[in-house]
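Heads up, the thing below is written out as structure tokens.
The values are calculated or read from the model by the stated rules, or taken from the named source; none is laboratory data. What you see is a predicted model, and the numbers here were worked out from it, not measured in a lab. Here the Cβ is made from the backbone with ideal geometry for all residues, glycine too, and neighbour counts use every protein chain on show. Only protein heavy atoms, including side chains, enter the accessible area calculation; ligands, DNA and RNA are left aside. Shrake-Rupley method; radii C 1.70, N 1.55, O 1.52, S 1.80 Å.
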Amino acid sequence: MDSLYREVVRLLDEGQPFSLGTVIHTSGSTPQKIGARAVFLAGGQILGTLGGGCMEAEARRRGLQMVRGGEPDLMELHLDDDFGWDDGLICGGTANIFLQPRPEADQEEVYRQVVALHDTRGRGVLALVATGEPEAVGRLCLIREGEAPHGDLHVPALQALIEEKAREFLAEGREEPRRVRLLDPEATVYLEPLRPKPLCFIAGAGHIGAALTHYAARCGFEVAIVDDRASLCNAERLPDADQILVGDIVETVRNWPKTPDSYWVIVTRGHRHDAVVLRELVKAPVAYLGMIGSKRKILTIYQEFVEQGLASPEELSRIHAPIGLDIGALSVEEIALCIAAELVMVRRKRLGDGESHGDCPGGGRVAADGDAQAALAVRLGDRNSVGRPLTEGLPRRYGAGGSGAP
């Protein structure tokens, strides 16, 4: 859940006037993508961001007008050379921004329920009507998993259809918001999935574990970290961790729930410690399982697991070891950064071949030769294929090196 919803609830409780802008659709290159939002306050301040530049400036101008009263408004901005702004941020794309005034009294509870959903680590979908029957436009409905919805859209047929679409969307398990166009009754609806933060569990609070705690938290993970050394595993040293666990590492890992939205990183203080922790996780249905170490160390552990029947080569090939994206990292901070980057890559379901393999460790690769060395080779092949030049992700108009040449 975006922390901006807490700010909305605070403003509601304090009786402050405001308006809210949400990017509900984009195409082409834009400063921010679907789901970005900002709150515009009467004094001109902005909470959150729509990406800055011309797009945010125009939304802010209209949003401040709406603070004083007005009806919801769907803006369509074409960010091209004709937009009329000279700020160097002409992106060439199109953005739809929905602006809405302070919600009516009966809609305030929806925002409070969104915050409550987050606090209980629940799942749901927030639906916002952007176009359609006038009495429904700008209204919200929260569809919670396994519960009755919150929020009346004032159009029963539309409400029933949106609830159906939202529950289908919830079942897909996606994190990205979506704009949906309905035909009967006709409406445009913005659906925002509300899911608990994915958990990043770090086994080992040494230098790399501590640095990774910072990066993982900044990347949107809830971070739990365990170590049996209280001098390393404490709030003063790990200020970004949500849960700091001091105790036996193996026992703690064994007793912690392993879920499809949990990400596990093994960075303990030695070869034997890592191997014992890996025994607890190698068959677990988690989103990500990574272990630090050299290729020699990893192959030794893999051979031991195969010989003792602890894991099959297929199961071993799904482990991210050596851990992290191969960016040539040397320092502690660089290694932690490359691990965090891999966590994000797996979370967003992007592997080196451009396919979506779901949130399973390593994307479910198979070690065809059936031995430990083949299992390691599968991982190394994936690891070496994920890099690509930055310019490949830029609009074609910028060319290599951002020269601006067509």
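Label-to-label distance, ARG174 versus GLU135, with points set 7 angstrom from Cα along the beta-carbon direction: 3.1 nm.
Extents of segment 157-305, largest first, come to 62, 39, 26 Å (Cα atoms, principal axes, whole angstrom). For the residue pairs LYS165/LYS197; LYS33/LYS258; LYS165/LYS283; LYS197/LYS295, the C-alpha atoms sit more than 30 angstrom apart in LYS33/LYS258; LYS165/LYS283; LYS197/LYS295.
Neighbours of HIS271 by Cβ distance under 11 Å: Lys/Arg scored +1, Asp/Glu scored -1, total +2. Proximity of backbone amide H atoms, modeled 1.01 Å from N, is registered between HIS320 and LEU289, GLY290, MET291 at under 5 Å, excluding neighbours fewer than 5 places apart on the same chain.
Can you compute the label reach from VAL115? Point 7 Å from Cα along the Cβ direction, backbone N cut-off under 12 Å, restricted to segment 1-41. Under cut-off, by backbone N: 3-15.
Note that segment 149-188, at 25 °C in a medium of 0.890 mPa s, gets a Stokes-Einstein diffusion coefficient of 223 µm²/s from its Kirkwood radius over C-alpha pairs. Take the Cα of ASP248, step 7 Å toward its Cβ, do the same at ALA57, and the gap between the two points is 6.3 nm. Once divided by 2.2 N^0.38 Å, the Cα radius of gyration of segment 259-306 becomes 1.12. Computed over segment 244-285, the P(r) tail beyond 16 angstrom holds 32 percent of alpha carbon pairs.
The heavy atoms of ASP248 present about 80 square angstrom of accessible area, all protein chains included, probe 1.4 Å. The amide H of VAL223, built 1.01 Å from its N in the peptide plane, has CYS200, ASP242, GLN243 as neighbours under 5 Å, considering only residues 5 or more places off or on other chains.
Label-to-label distance, ALA157 versus ILE327, with points set 7 angstrom from Cα along the beta-carbon direction: 5.3 nm. Maximal additional length on extending the GLU104-ASP240 stretch stands at 45.3 nm, based on 0.36 nm per residue less the C-alpha distance. Rolling a 1.4 Å probe over the protein heavy atoms leaves THR94 with an accessible area of roughly 30 Å².
So if we plug the beta-carbon distance of SER312 and LYS349 into 1/(1 + (r/R0)^6) with R0 = 35 Å, what FRET efficiency do we get, rounded to 0.05?
The value I calculate is 0.90.
Taking only the Cα atoms of segment 223-324, the radius of gyration and Dmax are 13.8, 43 Å.
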